[in-house]
Amino acid sequence: MHTELEAAERFRTLAAALRESAASPSIAAMAERAAADELRHASACRELVEHFGGRAPEGPSIVVKPLAPRDVAPEQRLLYEVVALACVTETLSTALLAELIAPADDPLCKKVMRSILRDEVNHSRLGWAYLAERHVPGAPDCVGPHLRRMLIDTLGADFWSPPAAQSAEAELAGLGQLPHAERQRVVRETLQQVIFPGLERFGIDSALGRDWCAT
Ligand SMILES: [Fe+2]
């Protein structure tokens with residue numbers, strides 16, 4: 001999953017690509033807003049680090065590579081980027097954040113997470129709105145064949161491995177960090193109950209994603 005600064009750069013690039021495409025201006029505007037939101041999230045996270053007595057590192061300059069693998073055809077690359085960034089990553093991030101807020105016991109941490117959550121919901125909506133707008137019944141499915149790789153790139157190839165023993169997990173639960181087994185549960189439920197059915201509604205076959213989830 002990406003950092004806020006990386007997400008900001010990805011949404012900025014996506015907004016420019018959407019402006020040049022046939023997508024409606026309102027969807028490109030959502031991507032521009034998302035880029036600005038992610039920059040705000042990065043500063044809020046830096047403030048949190050300082051709140052806990054740390055020193056936030058200077059933001060590195062970010063260069064993002066396209067999410068779409070090279071073998072995705074040029075006319076399909078924008079769709080791939082939108083699905084990977086908004087429908088998958090932002091929907092998962094929304095579900096994980098929602099789960100983190102309840103156990104968080106630090107008031108500032110909780111407040112920051114609530115405000116980020118409100119934005120993340122809109123970032124994922126951008127993806128679903130784009131799919132709804134461009135979906136033509138019966139059109140070839142150019143995301144389904146790549147879904148397994150998209151999920152591995154997003155979550156890591158060893159995401160379903162048993163969690164390593166981590167003594168700090170319980171302590172970190174109050175500070176916005178879910179234990180790995182909980183992360184696995186939330187991700188599995190969100191994929192199976194929200195993301196896969198959502199993609200299928202727009203003609204994207206989720207079988208390869210469902211297989212990956214089951215392994
Ligand atoms: Fe986001």
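The values are calculated or read from the model by the stated rules, or taken from the named source; none is laboratory data. Fair warning: this is a prediction, and the values are worked out from it, not measured in the lab. Backbone-built Cβ (ideal geometry, glycine too); neighbour counts: all protein chains shown.
Is segment 43-64 home to any residue that is at negative phi, modelled with pLDDT of 90 or more and not charged (D, E, K, R)? No: segment 43-64 contains no residue that is at negative phi, modelled with pLDDT of 90 or more and not charged (D, E, K, R). With the structure loaded, tell me whether HIS123 is assigned to a helix (DSSP H, G or I), more than 16 Å from the ligand (Cβ to nearest atom) and either in contact with a Phe, Trp or Tyr (Cβ under 8 Å, 6 or more places away or on another chain) or modelled with pLDDT of 95 or more (or both) or whether it fails that test. Spelling it out, it is not the case that HIS123 is assigned to a helix (DSSP H, G or I), more than 16 Å from the ligand (Cβ to nearest atom) and either in contact with a Phe, Trp or Tyr (Cβ under 8 Å, 6 or more places away or on another chain) or modelled with pLDDT of 95 or more (or both).
Just one of the listed residues (GLY198, GLY203, GLY209) is in contact (Cβ under 8 Å) with a residue 12 or more places away in the chain and assigned to a loop (DSSP other than H, G, I, E, B), namely GLY203.
Of all residues in segment 107-127, those that are free of Cβ contacts under 8 Å to residues at least 60 places away in the same chain have Cβ atoms under 8 Å from Cβ atoms of residues that are among the small types (Gly, Ala, Ser), 6 or more apart or on another chain, in LYS110/ALA104; LEU117/ALA98; GLU120/SER93; SER124/ALA86; SER124/SER93; GLY127/ALA86. Sub-6 Å Cβ pairs linking a first residue in segment 68-97 that is in contact (Cβ under 8 Å) with a residue 24 or more places away in the chain to a second residue that is within 16 Å of the ligand (Cβ to nearest atom) and outside any helix (DSSP H, G or I), at least 6 apart or interchain, are GLU81/LEU67; ALA84/LEU67, ordered by first then second residue.
Total residues in segment 23-42 satisfying the condition of being modelled with pLDDT under 95 and of a type in the set (Asp, Glu): the figure is 1.
The residue list ARG12, ARG55, ARG46 contains one member that is without any contact (Cβ under 8 Å) to a residue 60 or more places away in the chain, over 25 Å from PRO197 (Cα atoms), basic (Lys, Arg) and in a loop (DSSP other than H, G, I, E, B), which is ARG55.
To keep it simple, each residue is scored yes or no on (1) over 13 Å from the mean Cα position of the chain (by Cα); (2) part of a loop (DSSP other than H, G, I, E, B).
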{"site": "VAL64", "(1), (2)": "yes, yes"}
{"site": "LEU67", "(1), (2)": "no, yes"}
{"site": "ASP71", "(1), (2)": "yes, yes"}
{"site": "CYS87", "(1), (2)": "no, no"}
{"site": "ALA95", "(1), (2)": "no, no"}
{"site": "ARG149", "(1), (2)": "yes, no"}
